[in-house]
Amino acid sequence: MVSDISLATDAGLYTKQIDWDFIRNTLAYPHLKTGHTGLAGIHELLPGQALQLSLGSSMTRDVWTPWDFVSASKRYNDRRDALRAVREAVRSTVRAWADTDGSILLELSGGLDSSIVAAALMGSRADITCCNLVTPVPGADERLYAEQMAASLKSELHVQELSIDGAEFSFEPPPHAVTPSTWLLQHASNEAKEWIGQQVGARSYYSGGGGDTVFCFTKSAAPVVDAFNSRSFVCALRTIRNLAELHQCTVWKVTRLAARKLLGPAKPPRTPDHAFLSFKSDLEIAALHPWFSAPPAALPGDMERIFDLAGNQVFRDGIGRSSHRAFRMPLLSQPVMETCLKVPSWMWFANGRDRSIAREAFADRLPADIFHRRSKGTFMNYTGAVYRRNMHRMRDYLVNGRLAKHGLLDTDSLRKFLGSNPDTHGDSFMRIFDLCEVENWIRYQA
């Protein structure tokens, strides 16, 4: 039993071997953390689980589950109570981490979530430096917002541009990674942030990662159904209007989508992606993660955000910079998650704004541009540019790689796709990055 697989391999206690059954599953269900790993004979203890050891045997049991915090008896009914609770949970948790670390590089994207982490750090005794990443193509430049938040913190902001030419899809994964968990953008981001961290001498990295899930950022109509089933028809109508204003669509469209969700079957936790694979997965999805087993009376909005929380568990595995300095995602800390889960999904939307409870809880500490903004930055143009530049190399990398040699890829489809005009690919090129991520991890295990 070790906290880092590299401890076992360095000590000669374990020799790496690929678990190809796991690889099949992760190809069909990418970016999902389970108790299984890509290394034969190695199992991982999931968040919320405990390992019970006795003479000659061991047993894994669940000691914490998010489902305990979305029940009707735990749910906030008064918006003011929810605001106070969320503010206090985030503020006290972030400050506790800051008091522990003392020196912080805050990864300030310019979005709401990392800005709320910054707001909670105001008045902290910690030495705080901020960083922000930009790209040479449009879409990801959020420095206007990051500069305002850094100024509010009275902290220096380091802005680093990610190179298109220097972006690599083949690189050494973090030594602690027991599954494929780092793709090209994560690697490029990690290199940039680790360099800044070294320059400023920070002892820890802070991220707003997971905030979208914790603060119930959803594009579905599930909150309407939650309001109807758990509160009232009037509350459901109010939620319809809020979602229509947020998404700039008609109330009739939101109503139609909500009715479909109310009357239709429950959305599965994940659906398999068989693109470019030579096989079809018949895996029972509920068996992949303990949080995928929803209680019979679970509300659809609660189901969606808890399923997403399970997906968030993979974030830390792909962060190479966590090998050298503490890496914190305060919004995924237990006190914050528990408090936010008690806030019903429909309460997170108000006045045409998403994540409204979190916004209003820190309204006095957020610059107006950040409090009111509805847009989100995207690195899609950057990854698209990297893809165009490397698509032929990626084709050779995959069709001549370990996955293909094990018969797991439809190499004919890959050759056809990666030999065609990229203007016709839309965002389906992201699947190629998924496959390269798995191929890359495998190549570095032996």
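Bear in mind that the values in this text are calculations on the coordinates, not laboratory data. Please read these numbers as outputs of a predicted model, since none were measured by experiment. All Cβ positions, even for glycine, are placed from backbone atoms using ideal geometry, and neighbour counts span all protein chains on display.
The modelled label-to-label distance between E284 and K376, using points 7 Å beyond Cα along the C-beta direction, is 3.3 nm.
In this label model, M122 and V251 are separated by 3.6 nm, measuring between points 7 Å along each Cα→Cβ vector.
What relative contact order, as a whole-number percentage, does the range 1-101 give when Cα pairs under 8 Å and 6 or more residues apart are counted?
Values: 59 pairs, mean separation 12.4, N = 101.
Once normalised by length, the contact order is 12 percent.
Contact order normalised by length for the range 211-287, with contacts defined as Cα pairs under 8 Å and 6 or more residues apart; what percent is it? Show your work: numbers first, answer last.
Details: 41 pairs, mean separation 17.8, N = 77.
Across the range 211-287, relative contact order equals 23 percent.
With each pseudo-label sitting 7 Å past Cα toward Cβ, what's the A363-A259 distance in nm, one decimal? That separation, rounded to one decimal, is 3.5 nm. Indicate the gyration tensor shape class of the chain (rounded, prolate or oblate), computed on the Cα atoms with a ≥ b ≥ c the square roots of the eigenvalues: a/c under 1.5 is rounded; otherwise a/b larger than b/c is prolate and the rest oblate. Cα axes put the chain in the rounded bin. Structure note, pairs K33/K267; K219/K253; K219/K267; K74/K376; K33/K253: Cα-Cα distances above 24 angstrom occur for K74/K376; K33/K253.
What does the extension gain come out to for F171 and W20, with contour length at 0.36 nm per residue minus their alpha carbon separation? Please report the intermediate quantities before stating the final value.
On the way: separation 151, 0.36 × 151 = 54.36 nm, distance 2.09 nm.
Computed gain between F171 and W20 is 52.3 nm.
Hey, got a sec? Which trypsin sites (Lys or Arg not before Pro) in the range 337-446 land in a DSSP loop and have at most 12 other Cβ atoms within 10 Å? Each step should come with its number before you reach the end.
Values: sites: K342, R353, R355, R359, R365, R373, R374, K376, R388, R389, R393, R395, R402, K405, R415, K416, R431, R443; in loops: K342, R355, R365, R373, R374, K376.
The qualifying sites are R374.
Only Lys, Arg, Asp and Glu carry charge here, each on its Cβ (+1 for the first two, -1 for the last two); on that basis the chain has a dipole of about 1240 debye about its Cα centre.
What's the extension gain from L55 to L13 if we count 0.36 nm per residue and subtract their Cα-Cα distance?
Working: separation 42, 0.36 × 42 = 15.12 nm, distance 2.10 nm.
Between L55 and L13, full extension yields 13.0 nm more.
Report relative contact order for the chain in percent, whole number only (criteria: Cα-Cα under 8 Å, sequence separation at least 6). Reported relative contact order: 25 percent.
Mind giving me the FRET efficiency for A297 and R241? R0 is 30 Å, r the Cβ-Cβ distance, nearest 0.05 is fine.
Values: r = 26 Å, r/R0 = 0.88.
Once the sixth-power term is evaluated, E becomes 0.70.
Between the alpha-carbon centres of the range 111-188 and the range 402-424 there is a gap of 32 Å. For the range 244-313 versus the range 29-73, the spacing of their alpha-carbon centroids is 21 Å.
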